[in-house]
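Colleague: Let me begin by handing over the structure; questions about it come next.
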Amino acid sequence: MRAVHHLTLPRALHPGAWWLWALGLAVAASRTRNPVLLVLILAVAGFVVAARRSDAPWANSYLAFLKLGLVVIGVRIVLQALLSTRSQGNTLLFTLPQIPLPDWASGVKLGGEVSAEAVVTALYDGGQLAVMLCCIGAANALASPRRLLKSLPGALYEMGVACVVALTFAPQLVTDARRIRGARRLRGRTRGSFRTTAMPVLEGALDRSVELAAAMDSRGYGRTAHVPRRQRRITGASVLLGLLGIMLGVYSLLTDAMAFPVAAGALAFGVLLATGAMAVGRQRVTRTRYRPDPWALPEWLVIGSGAVAAATLIVAAARGVEGLVLPGPLVVPPVPLLPVLGILIGLAPAVAAPPLIRRRELVPA
Amino acid sequence: MIEFNRVTVTYDGAAEPALRDVSFTVPEGELALVVGRTGSGKSTLLRAINGLVPHFTGGTLAGRVLVNGRDTKDYRPRDLADVVGIVGQDPMAGFVTDTVEDELAYSMESLGVPPDVMRRRVEETLDLLGLADVRDRPLTALSGGQRQRTAIGAALTSHPAVLVLDEPTSALDPQAAEEVLAALQRLVHDLGVTVVMAEHRLERVIQYADRVIEISGAVSTGLPADLMVTAPVAPPVVELGRLAGWSPLPLSVRDARRAAGVLRERLGDHRPAPRVAVIGEELARCNDLVVSYGSVPALRGVSVALRAGEVVALMGRNGAGKSTLLNALVGLVQPRSGSVVAAGIDPRRTKPKQLIKAVGLVPQEPADLLYAPTVAEECAGADSDFHVTPGRCRALLERLAPDIDDEMHPRDLSEGQRLCLALAVVLCGAPPLLLLDEPTRGLDYGAKRRLVEILRELAADGHAVVLSTHDVEMVAEVATRVLVLADGELVSDGDTATVIAGSPAFAPQVAKILAPLPFLTVGEVATALERAS
């Protein structure tokens, strides 16, 4: 067996595999509002993150996304409580002071009676979104988006670098703003204006990007083989068109916005066009890649487990298996056996993904 | 290898050319040192070598720059990437990827080097620069010296014939600077790389240079020993050599030590006059100060008292907690426990308007203090912020860095000039407690000398000055007391002579040359010699 196929030989898993696996869990979450299943998905993602994350700075993002998810749920519940009508149920929870609205807004109600059904529905709806967010967070924690962009096809490389740079600059802006707000105290100024806060931050960011651009230029970024302009434009246009097709296809598959054959057709057409264009576009690129991440058995197992989780819930939802959708908000959520098993298969990466390379200094001599 | 032929660079909209009629050649395998005042065009010259000037920066370049036979007129920087490697002032700003190994491979990937060659060269470079232990670390988790070596390595892996470095040691502590210089030395000696480097800290690098390119109006080149005989600014080892009349002039501490026997005898029993600080009342005090960022402790129980009339130097490795201590004294960070009192107030609980009358800080990033679109407006703003007579800030700036154009945007100034502007802004408030975070980064000897004068005056007027710095020569000149921080703890606290003279890392050149005699500066030696004769 080749070294890359070992499940226990430490190495970093291909970032694409992590993202596909997480996407699989997110798709599974999109098919159900049963809180038991949602919490189970959350736990599966959390367990794998805990088992296989590195100690790099981005590895904490699962927690960050978890907090973001709680905020989403909170916002959803507060809004629902403020705007709820009796349409969802009659179990009165409490009564808020109602704000009288003018006649033209007669359909809308602010405050007033809040029903338990409304709050619980909001909790489940928000929970679904929060769990999907956490799946993205898990992917972030296991493989930084930068590493993912590194394995983009050659034709998309330049676009990928632009994204990477943008990704680094966002957190940098936050630290800059904090530092500059502190520095304002040193000039004896209490209140900030656009000029004393935003301007230095933006100027700093601009300076840094110019500096980075200079560094990249001097290190050979953008050296390309000569390709006629016409061909370059055609490839560019077909890549975009192909991506559009993929996006449409995926969106309508997830939301049932279009009939299944149309959506699948759009997806297939998009994939075909994009891959073709990228293959042509590759001629232009003279780059090589340092230690590309291998794609071997562990990667297949990881995306396989994600796919099984997603497929189980898609099929269950399509077949109308009971327990994915609750009959009413205030019933005890059932535990459907088949979906639970499907989701539990998503745990596989905790064993199937190779462990991380331990820091050299920690390894006994 | 590098040939400048009557090169004149004029940036768009600038009245004066940044470089005027520059001609010189650097032969293969030499280490050339570019020296000159802050803002004299050193960075422009360096960036002209790989065509960033004018391809990237705009402006016009008259004359010809040839690198390895290629004219930069016809080659863009990216097309010269296989010949010239360039490392900027701030290595962090030039990093494209996020781990050491990927960063080392980046240029090679762009150049299309085959994967097996790439793998081999990365391994070689890791060993050459001593980075093997940190190969899979994120770049943000590296120390200053490791970052600088990674940046050098990243420029080296594509095997360029020329390596260009802009102030590679200015932000580093003495130990890290040693590491970087040792690595460069190896490149020049073992691999025959041609190195062109700009550096203000001549005391660190002059001994390694084969050739000096001096920019001061006109550009002159020469051997370091020849140029140093007449140079208006020179490192302490050279000044001591001139004072003692040594010939040939020694450029390294080792050469000077071998010549110093006679001087030591001449000095005989004479000792430097003790530095007497007129120490007044207590101005600030920290008691058992603990500060942490998240779970990372930055200060663990630091207690220190600062008195009027003192100039205190705060030293220690990058990341030892120097900036945190200064920030705590102005209330920019919240202590986890312990107390801070600065000029009678608690800086965390004071309104900014009252605070600046008590404490002033020049932060590590001087641009943070500057908001106005022109130098003149910035100075006027500072006068009104600090309620002082209009024109005071401008006068201070004129003293620190003469001839800065009033209409310039502060961000277009050179790093050294910008620092002078921030210094002028804070100094014009003349707060009783003045804190300076690395005030010598990018400053030339002239500006440093003027800063020393101003600090001495302030101390004599009863201000307390605290400066965090890696510049041991500056400490030897101005400090009356030295605090050394390590890992967030105070490890030494005493008068300058006792703390720095004995330490291998912090001893100034004069102390190393004349040990065991307790002299720290050339000025002290000169006074003692006068008394001896």
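Colleague: When the range B:204-250 is examined, which residues are found to be under 22 Å from the mean Cα position of the chain (by Cα) and of a type in the set (Ser, Thr, Tyr)?
Modeller: The answer is B:Tyr208, B:Ser216.
Colleague: For the range B:405-426: of the residues being surrounded by fewer than 22 Cβ atoms within 10 Å (Cβ to Cβ) and in contact (Cβ under 8 Å) with a residue 60 or more places away in the chain, which is nearest to the other protein chains (Cβ to nearest Cβ)?
Modeller: My answer is B:Glu415.
Colleague: Return only the number of the condition from (1) within 22 Å of A:Arg185 (Cα to Cα); (2) more than 27 Å from the chain's Cα centre (by Cα); (3) at pLDDT 90 or above that B:Ala305 does not satisfy.
Modeller: Failed condition: (1).
Colleague: Which of the helices (runs of 4 or more DSSP H) found entirely inside the range A:1-92 contain at least 1 residues meeting this: more than 28 Å from A:Ala118 (Cβ to Cβ) and over 15 Å from the mean Cα position of the chain (by Cα)?
Modeller: Correct list: A:35-52.
Colleague: Out of everything in the range A:166-222 that is facing chain B (nearest Cβ under 9 Å), touching a Lys or Arg at 6+ places or on another chain (Cβ under 7 Å) and of a type in the set (Gly, Ala, Ser), what residue ends up being surrounded by the most Cβ atoms within 10 Å (Cβ to Cβ)?
Modeller: Once the filter is applied, the top-ranked residue is A:Gly220.
Colleague: For residues that are within 14 Å of another protein chain (Cβ to nearest Cβ) and not in a loop (DSSP other than H, G, I, E, B), tally how many sit in the range B:37-50.
Modeller: Total meeting the criteria: 6.
Colleague: Here's a follow-up. Scanning the range A:237-271 for residues that are in contact (Cβ under 8 Å) with a residue 12 or more places away in the chain and of a type in the set (S, T, N, Q), which turns out farthest from A:Ala29 (Cα to Cα)?
Modeller: Filtering the range A:237-271 for residues that are in contact (Cβ under 8 Å) with a residue 12 or more places away in the chain and of a type in the set (S, T, N, Q), the one farthest from A:Ala29 (Cα to Cα) comes out as A:Ser238.
Colleague: I'd like to know if the range B:403-420 contains one or more residues that are part of a helix (DSSP H, G or I) and modelled with pLDDT of 90 or more.
Modeller: no
Residues checked against (1) under 21 Å from A:Arg146 (Cα atoms); (2) crowded, with 22+ Cβ neighbours inside 10 Å; (3) in contact with a Ser or Thr (Cβ under 8 Å, 6 or more places away or on another chain); (4) in the same structural domain as B:Thr169 (by TED's automatic domain parsing):
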{"position": "B:Glu109", "(1), (2), (3), (4)": "yes, yes, yes, yes"}
{"position": "B:Asp116", "(1), (2), (3), (4)": "no, no, no, yes"}
{"position": "B:Glu123", "(1), (2), (3), (4)": "no, no, no, yes"}
{"position": "B:Leu128", "(1), (2), (3), (4)": "no, no, no, yes"}
{"position": "B:Asp133", "(1), (2), (3), (4)": "no, no, no, yes"}
{"position": "B:Leu139", "(1), (2), (3), (4)": "yes, no, yes, yes"}
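Colleague: While we're on this one: Looking for something basic (Lys, Arg), surrounded by fewer than 17 Cβ atoms within 10 Å (Cβ to Cβ) and at pLDDT 85 or above - is there at least one such residue anywhere in the range B:455-473?
Modeller: Looking for residues that are basic (Lys, Arg), surrounded by fewer than 17 Cβ atoms within 10 Å (Cβ to Cβ) and at pLDDT 85 or above, one finds at least one in the range B:455-473, hence yes.
Colleague: Within the range B:490-516, which residues are assigned to a loop (DSSP other than H, G, I, E, B) and surrounded by 21 or more Cβ atoms within 10 Å (Cβ to Cβ)?
Modeller: B:Phe506, B:Pro508
Colleague: Residue check: is B:Val362 more than 9 Å from chain A (Cβ to nearest Cβ), at pLDDT 85 or above and buried (at least 17 other Cβ atoms within 10 Å of the Cβ)?
Modeller: no
Colleague: Is there any pair with a first residue in the range B:82-104 that is facing another protein chain (nearest Cβ under 7 Å) and a second that is among the charged types (D, E, K, R) whose Cβ atoms are under 6 Å apart and which are 6 or more apart or on different chains, and what are they?
Modeller: Qualifying pairs under 6 Å: B:Gly88/B:Asp166; B:Ala93/A:Arg208; B:Ala93/A:Glu211; B:Asp98/A:Arg146.
Colleague: Here's another thing I want to ask about it. Look through B:Glu265, B:Glu203 and report the one residue that is part of a helix (DSSP H, G or I) and within 30 Å of B:Ala460 (Cα to Cα).
Modeller: Residue meeting the stated conditions: B:Glu203.
Colleague: Mind telling me which of the residues B:Arg456, B:Arg450, B:Arg441 ends up being of a type in the set (D, E, K, R), touching a helix residue (DSSP H, G or I) at 6+ places or on another chain (Cβ under 8 Å), outside the structural domain of B:Gln89 (by TED's automatic domain parsing) and not in a helix (DSSP H, G or I)?
Modeller: The unique qualifying residue is B:Arg441.
Colleague: Exactly one condition in (1) at positive phi; (2) assigned to a helix (DSSP H, G or I); (3) of a type in the set (Gly, Ala, Ser) is false for B:Gly301; which is it?
Modeller: B:Gly301 satisfies every listed condition except (2).
Colleague: Something else: When you check A:Leu253 against the structure, is it buried (at least 16 other Cβ atoms within 10 Å of the Cβ), part of a helix (DSSP H, G or I) and touching a Gly at 6+ places or on another chain (Cβ under 7 Å), yes or no?
Modeller: No; evaluated as a whole, the condition is false for this residue.
Colleague: So which residues in the range B:348-359 are more than 9 Å from chain A (Cβ to nearest Cβ) and in contact with a strand residue (DSSP E or B) (Cβ under 7 Å, 6 or more places away or on another chain)?
Modeller: Selection gives B:Ala358 alone.
Colleague: Hey, another quick one. Hey, could you check the range B:276-335 for residues that are small (Gly, Ala, Ser) and within 14 Å of chain A (Cβ to nearest Cβ) and say which is farthest from B:Ala430 (Cα to Cα)?
Modeller: Looking at residues that are small (Gly, Ala, Ser) and within 14 Å of chain A (Cβ to nearest Cβ), I get B:Ser295.
Colleague: Here are some conditions: (1) surrounded by 14 or more Cβ atoms within 10 Å (Cβ to Cβ); (2) under 30 Å from B:Glu103 (Cα atoms); (3) within 14 Å of chain B (Cβ to nearest Cβ). A:Ala277 meets all but one. Which one does it not meet?
Modeller: Result: A:Ala277 fails condition (3) only.
Colleague: Being more than 10 Å from chain B (Cβ to nearest Cβ) and part of a helix (DSSP H, G or I) is the requirement here; does A:Ala130 meet it?
Modeller: Against the criterion (more than 10 Å from chain B (Cβ to nearest Cβ) and part of a helix (DSSP H, G or I)), A:Ala130 qualifies.
Colleague: If you don't mind, there's one more thing I want to ask. Residue under question is A:Gly220, and the condition is that it be at positive phi and either modelled with pLDDT of 80 or more or of a type in the set (Gly, Ala, Ser) (or both); does it hold?
Modeller: yes
Colleague: Is there a residue being out of contact with any strand residue (DSSP E or B) (no Cβ under 6 Å at 6 or more places or on another chain), more than 7 Å from chain A (Cβ to nearest Cβ) and not in a helix (DSSP H, G or I) anywhere in the range B:109-129?
Modeller: Within the range B:109-129, one or more residues are out of contact with any strand residue (DSSP E or B) (no Cβ under 6 Å at 6 or more places or on another chain), more than 7 Å from chain A (Cβ to nearest Cβ) and not in a helix (DSSP H, G or I).
Colleague: Across the range B:365-393, which residue is nearest to A:Leu202 (Cα to Cα) among those that are surrounded by 21 or more Cβ atoms within 10 Å (Cβ to Cβ) and away from every other protein chain (no Cβ under 12 Å)?
Modeller: B:Val375
Colleague: Among the residues of the range B:139-161 satisfying the criterion of being facing chain A (nearest Cβ under 8 Å) and touching a helix residue (DSSP H, G or I) at 6+ places or on another chain (Cβ under 6 Å), which is modelled with the lowest pLDDT?
Modeller: B:Ser158
Colleague: What residue, of B:Val34, B:Val53, B:Val65, is in a strand (DSSP E or B), touching a residue at least 12 places away in the same chain (Cβ under 8 Å) and under 25 Å from the mean Cα position of the chain (by Cα)?
Modeller: Among B:Val34, B:Val53, B:Val65, only B:Val34 is in a strand (DSSP E or B), touching a residue at least 12 places away in the same chain (Cβ under 8 Å) and under 25 Å from the mean Cα position of the chain (by Cα).
The values are calculated or read from the model by the stated rules, or taken from the named source; none is laboratory data. Just so we're clear, the structure is a prediction, and the values are computed from it rather than from any experiment. Counting neighbours? That spans all protein chains shown, and the Cβs are built from the backbone with ideal geometry, glycine included.
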